[in-house]
1. Does B:Val22 satisfy being more than 18 Å from B:Gly219 (Cα to Cα) and within 12 Å of another protein chain (Cβ to nearest Cβ)?
2. State the number of residues belonging to region B:87-112 that are modelled with pLDDT of 90 or more and more than 22 Å from the chain's Cα centre (by Cα).
3. Considering A:Gly203, A:Gly159, A:Gly134, which residue is on the phi > 0 side of the Ramachandran plot and out of contact with any His (no Cβ under 8 Å at 6 or more places or on another chain)?
4. Looking at this structure, is B:Ala194 touching a residue at least 60 places away in the same chain (Cβ under 8 Å), crowded, with 16+ Cβ neighbours inside 10 Å, touching a helix residue (DSSP H, G or I) at 6+ places or on another chain (Cβ under 6 Å) and within 21 Å of A:Ile114 (Cα to Cα)?
5. Is it the case that B:Thr173 is more than 30 Å from B:Pro122 (Cβ to Cβ), more than 18 Å from the chain's Cα centre (by Cα) and free of Cβ contacts under 8 Å to residues at least 24 places away in the same chain?
6. For region A:79-110, name all the residues that are among the polar types (S, T, N, Q), farther than 16 Å from A:Ala147 by Cβ, out of contact with any Ser or Thr (no Cβ under 9 Å at 6 or more places or on another chain) and assigned to a helix (DSSP H, G or I).
7. Return yes or no: is A:Val255 modelled with pLDDT of 90 or more and not in a loop (DSSP other than H, G, I, E, B)?
8. Grab the helices (runs of 4 or more DSSP H) fully contained in region B:167-250, keeping just those with 3 or more residues being among the hydroxyl-bearing types (Ser, Thr, Tyr) and facing another protein chain (nearest Cβ under 10 Å).
Amino acid sequence: MSQTAVISTSAPATPRAAARSNSSGFVPRLVTGLAILLVWEIVVRTLAPAYVAKPSTVLLAIPRVLVDPAFLQALGATLWAVSEGLAITIVAGTAIGVLMGRSDTFDRMIRVYINGFNAMPMIIVLPLFSLWFGYSSATRIATIIFAAIFAITMNVADGARSVPREYLEVARSFRSSRLSVLTEIVLPASMPYLLAGFRLAAGRALIGAVVAEFFISQGGVGYYILYNSRSYHHNEAFVGVLLLAGFGVGFELLVAWATQRFMPWYRRDEKTT
Amino acid sequence: MHLTILRRHAPLWLSIFAGIAVWEIAGRSTSAAFMAPFSETLVRLWQLITRGEFIAQFIDSSELFLTGFVLALAVGAPLGMLLARVRVLRIGIEPYLMTLYATPMVALIPFILSIMGFGFAPKVLVVFLFTVFPVLYNTVEGARSIKPELIEVARSFRTSEWALWREVMLPYTLPYMMTGVRQAIGRALVGMIAAEFFLSSTGLGQLIMGASQDFDTAGVFASIFVIGLIGVGLTRLGLVIEQHFARWRQ
């Protein structure tokens with residue numbers, strides 16, 4: 001079972017690493033950022049057709065897109081679907097994960113499927129889901145859940161399995177009920193793992209939402225990007241990409257913050273090395 | 001001894017058989033447009049294999065996968081070590097790297113399509129973009145964790161820069177790089193299918209798309225089943241590679 005521990009906890013602790021070098025890096029970062037933008041601008045201006053997005057025109061498009069009701073609606077739809085999907089995923093994923101972690105029989109019964117589905121490239125289920133759920137937002141939710149749930153389940157299972165035996169023995173010798181052992185020992189002990197799983201799951205959920213919108217032309221940020229880039233409005237479409245990147249980074253920062261705020265005893269750096 | 005082996009493995013086989021049974025029953029009791037039973041899926045899979053359709057698409061996909069993957073490795077690994085070696089460069093680039101790592105790369109596919117069109121190159125680019133960041137990121141992490149003493153000792157023996165890279169940086173970084181490779185394998189597979197879905201339809205992606213457009217449910221299930229198995233196999237391979245190299249990371 002040590003294999004699965006490697007899978008789920010060895011994802012790099014990105015925000016922490018960035019925070020460590022935060023102290024003296026402002027000037028080189030600014031210079032690099034400007035250099036990247038400049039190279040991009042020059043390359044596109046000299047080599048690419050006029051519709052291709054470049055920093056100057058994307059910048060001009062930002063205010064226009066941000067007040068565009070169509071864009072705001074798309075944004076709302078995607079965000080809502082991702083939150084809904086992630087909420088379902090966290091509840092269901094944690095439940096299955098705790099069961100797997102605490103019951104060896106259940107674990108052996110179900111692990112082969114969890115590992116198998118987790119190893120599948122998630123987007124291959126799209127044709128099937130669109131067949132099952134039709135060209136509706138249900139397909140998007142289903143894709144988000146499928147993309148995200150296994151990351152949470154596997155991490156929570158690791159967490160629930162790693163509860164120190166002494167804690168459980170103490171609880172038993174005080175005759176605590178199974179329910180209170182679960183809610184007061186197993187779940188809190190699995191929290192850091194749940195958060196690590198959530199970090200992976202949130203990124204995958206975002207990908208799932210975008211891919212589903214591409215595939216079934218369901219209104220959302222992904223479809224907004226697809227539609228605008230097809231009609232050669234690359235600048236507007238790129239604002240959508242920037243926003244998605246912002247969500248991706250936002251999720252990372254949120255998890256890093258929550259880990260430090262609520263679980264100061266848990267140091268991911270020590271666990272990964 | 002025999003009994004413990006039996007007790008360990010029996011639940012696994014039981015659960016596989018139970019899964020197949022559920023699949024078979026669900027497939028038979030719902031409409032054929034909705035789900036194909038396991039037996040029918042296997043028959044369809046056999047047809048795909050014997051007709052040579054599957055092999056051709058598999059080779060097609062493999063070319064895409066390998067080209068993108070090798071390119072990502074060839075760019076990501078040296079660049080990662082360079083970033084770790086040159087401090088200013090690393091501090092400057094790291095936040096942007098992190099942003100790109102967290103960006104859902106699928107969102108770039110429509111741009112790639114409308115700028116580069118339908119050839120082989122845009123698809124390789126998609127696989128490359130999905131793959132390069134985990135490799136790059138883990139290599140930087142690894143090369144950064146080299147103990148400064150190692151480099152100082154090498155320096156005090158007047159090691160050349162090239163020898164330093166070959167004898168210290170590369171061996172030390174390799175296990176981390178392989179963690180990146182393991183993570184990248186899964187992503188490359190997603191990138192490959194995404195490219196085959198949304199750019200020109202070829203390979204294993206085309207196999208599913210074609211089947212679903214023909215309402216050939218058994219074909220859809222057969223393709224998903226096979227691609228799932230390929231995914232499981234590649235993930236296993238990634239773990240084996242990672243653990244092989246992890247042995248010399250103390």
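1. Criteria met by B:Val22.
2. Of the residues in that region, 1 qualify.
3. Every option except A:Gly134 fails the conditions.
4. no
5. Criteria not met by B:Thr173.
6. The one that is among the polar types (S, T, N, Q), farther than 16 Å from A:Ala147 by Cβ, out of contact with any Ser or Thr (no Cβ under 9 Å at 6 or more places or on another chain) and assigned to a helix (DSSP H, G or I): A:Thr105.
7. Against the criterion (modelled with pLDDT of 90 or more and not in a loop (DSSP other than H, G, I, E, B)), A:Val255 does not qualify.
8. B:217-246
The values are calculated or read from the model by the stated rules, or taken from the named source; none is laboratory data. Predicted model only: the values in this text are computed from it and were never measured. So basically every Cβ, Gly included, is an ideal-geometry build from the backbone, and we count neighbours across all protein chains shown.
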